[in-house]
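Below you'll find the structure, written out as structure tokens, and then a few comments.
Just so you know, all these numbers are worked out from the coordinates, no wet-lab data involved. Bear in mind that the values here come from a model prediction, so they are computed numbers and not experimental data. Cβ: placed from backbone, ideal geometry, glycine included. Neighbour counts: every protein chain shown.
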Amino acid sequence: MSDAKETLYYLIAGLEEWETIKNQIPATLQKGHLLLSRALMEAEISPPPDYVALLDLLQKPVTQWGLPEFERHLMDQPLVVPYIGLSAAAREFKLIYDSPEEAHAKEVLSILQYCRSNVPQLDEQYRQIRMFLITKPVVTYNELNLFVTTLGDISLYNSVRNCYEEITQVASRYRKCPRCGWTLEQRNHQWLCGIDDICGQIQSREQQLLSWSTTERLFRLRTGVYRYTMLPGLAELRAHDELVKRGYEVKMFPDVDRFDLEVKLGQRYIYLDMKDFSNPFSLAKFFNDQTAYQLQKFSGKGIYIVIPEYRTKRYPGFVSTLRKILSPHANHIRILDEKHILKMLKEEVEC
Ligand SMILES: [Zn+2]
């Protein structure tokens, strides 16, 4: 592991821990501070003497730190956004670091690994869990319990419970997101869904916002699961429904999530994998960091990486930029804008 990568990891993991344990500086952040100070001193730049100065520095784009080794990883993005916390790019960096081949939150990754390692693989249970996580971002204790009990597997029972956190005591702080159903939180006098409020950019919130009226215990998806499983899952589900409506035979998460969607075209199959990254640089890094061997998964005929339409709308040129910055060992991967799925399928039928 390079020093820059390790340092960034400790800083980001430390900041993430700090969001939950507010009254003390986590050991990981202390280590990140130390490693960063060392790198700065080696470059003859004076290091941040305390955590206030450290946070000041971390709010600046990495390109302004004076450490070229670090720029490779986060380009012109900062680690921290004022009033918000960790930046989307920082979270994506950690996600790729934690699960370089899957880009799932660690809670979902452990379910995936368990279902894959079982003999026979737990294909159907895995699909049920993913669908539950996508469609039930906030649940009551009874709903959650009822579902995990049907899985009939104590290990899965615990792993699915672990995707949620209890919000019973603080439920009045939240409103229901009209687009995805997760929790809206007030920041700067605005109700926002998650760190980058993707939902708010797609759908306006002019209507009366609802809160949860229940006397039962209430749980919501943990932030990582919401962001990296549920939100992209909505796009996967929409693409699935759209294709089914057009008469295609489609299966979600075939072979325990080898891909997101499997579309049957006569005697053969097309595989679609949605990749939901905030910018093409993070996604390029996700592919470029993998070995040619790991990338074989995406090399076969009829395999497409799909960029959700809300990403390409928000970041014009996402697909073309991504194609340009993929390393030579990764540039054979077929990248597709979500809105071109149907056109691609028609072309595949013809060839
Ligand atoms: Zn939302």
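Structure values in brief
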item	result
Charge context of PRO178, other residues only, Cβ under 11 angstrom, K/R +1, D/E -1	+3
Helix-only [θ]222 nm of the chain, DSSP H runs n ≥ 4, -39500 (n - 2.57) each, per residue, nearest 500	-13500 deg cm²/dmol
Reciprocal mean inverse distance between Cα atoms of the chain - Kirkwood radius, Å	21.8 Å
Candidates GLU206, GLU69, GLU19, ranked by Gaussian network fluctuation over the chain, Cα under 10 Å, top entry	GLU206
Full-stretch length increase - ARG72, ALA43 - with 0.36 nm per residue and alpha-carbon distance subtracted	8.8 nm
Per residue Cα convex hull volume in Å³ - calculated over region 234-338	102 Å³
Total formal charge among the other residues, if their Cβ is under 14 angstrom from that of SER46, Lys/Arg +1 and Asp/Glu -1	-3
Relative contact order of the chain, pairs being alpha-carbon contacts under 8 Å that are 6 or more residues apart, as %	12 percent
Extension gain from GLU165 to ILE84, taking 0.36 nm per residue of separation minus the Cα-Cα distance	27.2 nm
Residue among LYS285, LYS301, LYS275 with the largest mean-square fluctuation in a Gaussian network model of the chain, springs linking Cα atoms under 10 Å	LYS301
